[in-house]
Amino acid sequence: MEKDIRKNIYNFAKSWVLEAGKIIRKKMNDPLTIETKSHANDLVTAIDRDTESFFVNKIKSVYPNHQIIGEEGYGDEVTHLDGTVWIIDPIDGTMNFVHQKRNFAISVGIYQDGIGEIGFIYNVMEDVLYSAKRNEGAYKNHQKLPSKKAYVPLNQAILGLNHLWLCENRLVDVSAMQKLIKTVRGSRTYGSAALELAYVAEGTLDGYLTMRLAPWDIAAGKIIVEETGGVMTNVDGDEINMLGNNSIFVCNPSIQRVILDDYIKAGRK
Ligand code: IPD
Ligand code: CA
Ligand code: CA
């Protein structure tokens, strides 16, 4: 993508992300309309839907030829990543949004012919914007995040993960996961994949491991993490497919091999 074109898209996208966040904060304490989707704990609110629809209207008014993948279905039926594709999660961490009124984010990733060009993860209640442009580094608000990850020994690493790993023998054997948890310094679950990716980018988490995420959960985070020297694959160490669901292992490169080989591969089902 040409630099000037990218700069324009970046500026529009940033202003829409901040505007959407402002609207969410304003509506925050209105009575919520809450529905469930695939199961009883898969929540969606009218604000999730309105926010996605806000983005789709803005994007289509300026860039009618861009494709949009959105969680709530207001985007396009996207079957290929040719051209410019926006991948949007209007609220990542809806359960937190409903129950905690914090710890949720807007996630917007913009891809050109399958390559991640621009990423935004906006922690709405803290007013913290993580952003990146490919090859131009990642930022937390106006502060540039270091572009190289410092070495972290596994026994000093903090990992983000989904607790379901520890309850169900899915993908990786529970005992292998328990061994990993006992080896690292600590584990955390924040309930917003996008924020967990942002935390890996800023280095407050050294890695994040989860069983199944959709493109909108990871599209922005992949770009932001990679701009800080982090690495993202699925749990087999393979490339991510941005048109489908993936298991995700994102981390500081110093712990990638050991976790993939000695824990995940060893316990892979
Ligand atoms: C969810 C969150 C959560 C992750 C789930 C996602 P949503 O996104 O990112 O942390 O564990 O897999 O679906 O539904 O709140 O946008
Ligand atoms: Ca999500
Ligand atoms: Ca969502």
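The values are calculated or read from the model by the stated rules, or taken from the named source; none is laboratory data. Every value quoted in this text rests on a predicted model; they were computed, and no experiment measured them. All Cβ positions, glycine included, derive from the backbone under ideal geometry; neighbour counts span all protein chains shown. When the accessible area is computed, the model is the full protein with side chains, heavy atoms only, and any ligands, DNA or RNA have been set aside. Shrake-Rupley method; radii C 1.70, N 1.55, O 1.52, S 1.80 Å.
In region 154-267, the DSSP beta bridges split such that about 55 percent are antiparallel, to the nearest 5. Every Cα-Cα pair of region 79-234 was included, and the share exceeding 24 Å stands at 33 percent.
The calculated 222 nm mean residue ellipticity attributable to helices in the chain amounts to -9500 deg cm²/dmol, summing -39500 (n - 2.57) over DSSP H runs of n ≥ 4 and dividing by all residues. For region 184-224, which whole-number percentage of the solvent-accessible area (1.4 Å probe, protein heavy atoms only) is attributable to carbon and sulfur atoms? Exposed carbon and sulfur together represent 41 percent of the surface.
Restricting the calculation to Cα atoms, region 154-267 yields a radius of gyration followed by a Dmax of 12.5, 35 Å.
Among the trypsin sites (Lys or Arg not before Pro) in region 122-167, those located in a DSSP loop and surrounded by at most 12 other Cβ atoms within 10 Å of their own Cβ are LYS148. Our summary gives the chain a relative contact order of 16 percent, counting only alpha carbon pairs under 8 angstrom and 6 or more residues apart. Expressed as a fraction of 2.2 N^0.38 Å, the value expected for a compact globular protein of N residues, the C-alpha radius of gyration of region 154-211 is 1.07.
Over region 154-267, Cα pairs under 8 Å with separation of 6+ residues give a relative contact order of 29 percent. The apolar share of the surface of region 3-144, taken as the fraction of accessible area on carbon and sulfur atoms (1.4 Å probe, ligands and nucleic acids excluded), comes to 46 percent. Placing a label point 7 Å from the Cα of ASN11 along the Cα-to-Cβ direction, the residues of region 49-79 whose backbone N falls under 19 Å of that point are 58-64. Between ASP82 and GLU239, the FRET efficiency estimated from the beta carbon spacing at R0 = 22 angstrom works out to 0.80.
A simple charge model with +1 on the Cβ of Lys and Arg, -1 on the Cβ of Asp and Glu and nothing else charged puts the dipole of region 3-144 at about 700 debye relative to its Cα centre. In angstrom, the C-alpha Rg and Dmax of the chain are 17.9, 52. As I understand it, the dipole of the chain uses +1 on the Cβ of Lys and Arg and -1 on the Cβ of Asp and Glu, about the Cα centre. Which of ILE259, VAL56, ILE68 lies farthest toward its positive end? Of ILE259, VAL56, ILE68, it is ILE259. Once the 1.4 Å probe is applied to the protein heavy atoms, the chain comes out at 46 Å² accessible per residue. Taking a Cβ cut-off of under 13 Å around LYS265, the surrounding Lys, Arg, Asp and Glu residues balance to a net charge of -1, with basic ones at +1 and acidic ones at -1.
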